[in-house]
Amino acid sequence: MKTSFCMMGFGYTREVAERCIGLASQLGYDAIEFWKQYLDTADLDWTRQLCEQHGLTILQLCPYFDFSTSQDTCTESLREAEKFVGYARRLGAAWIRTYTLNTPNAEATDQQWERSVHALRQICDLGAAHGIAFPLETHQVLHHGPTLTDTSASTLRLLALVDRPNLHVALQTPLVGETPEYSAEQLGHVTVQVQAHNWTNGSATRWGKLTFLDSGDLDFANYIRILRSKGFDGYISIDHPNHHPWEETAAHEITYLRRLIAEL
């Protein structure tokens, strides 16, 4: 298993990127991830060169596709996917984070499922020519809209219907009506990235206040052990690091993850 740090939620300027890249490298992260809010105005060549100088893999780029809501949003998202494949090629990024948005699985019509499946096949085929994969983020209504991947069962259904070898799972828990442990049991074998979170004053199926991985209500170490037992051997990504000053979060979490990975 490896570690990744997300430039997410604490600024998207070149100055912030330079600080983030430098700190992630200094602390010993394996990789870094960049969001649309940065990439759309960034100097991509400068970004790639700086990451190479610091020995950081650019793991994933993160747009916001919406294939399910309407044909118009789907068409726009397909254009966005083409743009992000171009970004990924220039940056040498392996993955493009993928959503279906903005429809919960329980409310989706057959037409919305069909449109999303067709679109996901298109983007997977587009990326496959360049060795790019698409981790499909599992997501319920926590901070950015519902998706077709809001349960383990619906996520597995979508993977089966799309049937592309470069469509994987980026596991963000909890999902609707599921504990993280249950989701790990169901999805560990198709997961390439864990979007790592912990929280206090929530529940087994809902976030509360985000906090450090080793001090929340979730037994994070056990969660990772379950994933590992199901075959997970990908990246643990520090997502939403701004629950504390992001530099503090970055330092705390890599120390914990390095110890946890060594134990496993």
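The values are calculated or read from the model by the stated rules, or taken from the named source; none is laboratory data. It should be emphasised that the depicted structure is a prediction, and the values quoted were computed from it without experimental measurement. FYI the Cβ positions are ideal-geometry reconstructions off the backbone, even for glycines, and counts take in every protein chain you see.
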* Conditions: (1) within 19 Å of the chain's Cα centre (by Cα); (2) surrounded by 15 or more Cβ atoms within 10 Å (Cβ to Cβ); (3) charged (D, E, K, R). Arg115 meets all but one. Number of the miss? -> (1)
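Looking at segment 48-59, can you tell me whether even one residue there is more than 28 Å from Ile261 (Cα to Cα), in contact with a Phe, Trp or Tyr (Cβ under 8 Å, 6 or more places away or on another chain) and without any contact (Cβ under 8 Å) to a residue 60 or more places away in the chain?
no
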* To do: Go through segment 36-74 residue by residue and tally those that are in a helix (DSSP H, G or I), touching a helix residue (DSSP H, G or I) at 6+ places or on another chain (Cβ under 8 Å) and of a type in the set (Val, Ile, Thr).
  => 1
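Can you name the residue in segment 222-253 that is assigned to a strand (DSSP E or B) and of a type in the set (A, V, I, L, M, F, W, C) and, of all such residues, is nearest to Gly11 (Cα to Cα)?
Among residues in segment 222-253 that are assigned to a strand (DSSP E or B) and of a type in the set (A, V, I, L, M, F, W, C), the one nearest to Gly11 (Cα to Cα) is Ile238.
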* Among the numbered criteria (1) surrounded by 20 or more Cβ atoms within 10 Å (Cβ to Cβ); (2) without any contact (Cβ under 8 Å) to a residue 12 or more places away in the chain, which single criterion is violated by Leu257? -> (2)
* To do: Could you give me the residue pairs with C-beta distances under 7 Å whose first residue belongs to segment 143-170 and is within 20 Å of Ala133 (Cα to Cα) and at pLDDT 95 or above, whose second residue is surrounded by fewer than 20 Cβ atoms within 10 Å (Cβ to Cβ) and charged (D, E, K, R) wherever it lies, and which are 6+ apart or on separate chains?
  => Val162/Arg121; Arg164/Arg121
* Asked: Using beta carbons and a limit of 6 Å, which pairs, at least six apart or on different chains, have the first residue in segment 222-247 and in contact (Cβ under 8 Å) with a residue 60 or more places away in the chain and closer than 13 Å to Thr3 by Cβ and the second one surrounded by 15 or more Cβ atoms within 10 Å (Cβ to Cβ) and β-branched (Val, Ile, Thr)?
  -> Gly234/Val192; Ile236/Thr3; Ile236/Val194; Pro241/Thr249
* **Where Tyr29 falls short, out of the listed (1) touching a Phe, Trp or Tyr at 6+ places or on another chain (Cβ under 6 Å); (2) at pLDDT 95 or above; (3) more than 21 Å from Leu136 (Cβ to Cβ); (4) surrounded by fewer than 20 Cβ atoms within 10 Å (Cβ to Cβ)** => (4)
* To do: Taking Leu23 as the residue in question, decide whether it is in contact (Cβ under 8 Å) with a residue 40 or more places away in the chain, among the aliphatic types (A, V, I, L, M) and either surrounded by fewer than 20 Cβ atoms within 10 Å (Cβ to Cβ) or part of a loop (DSSP other than H, G, I, E, B) (or both).
  => yes
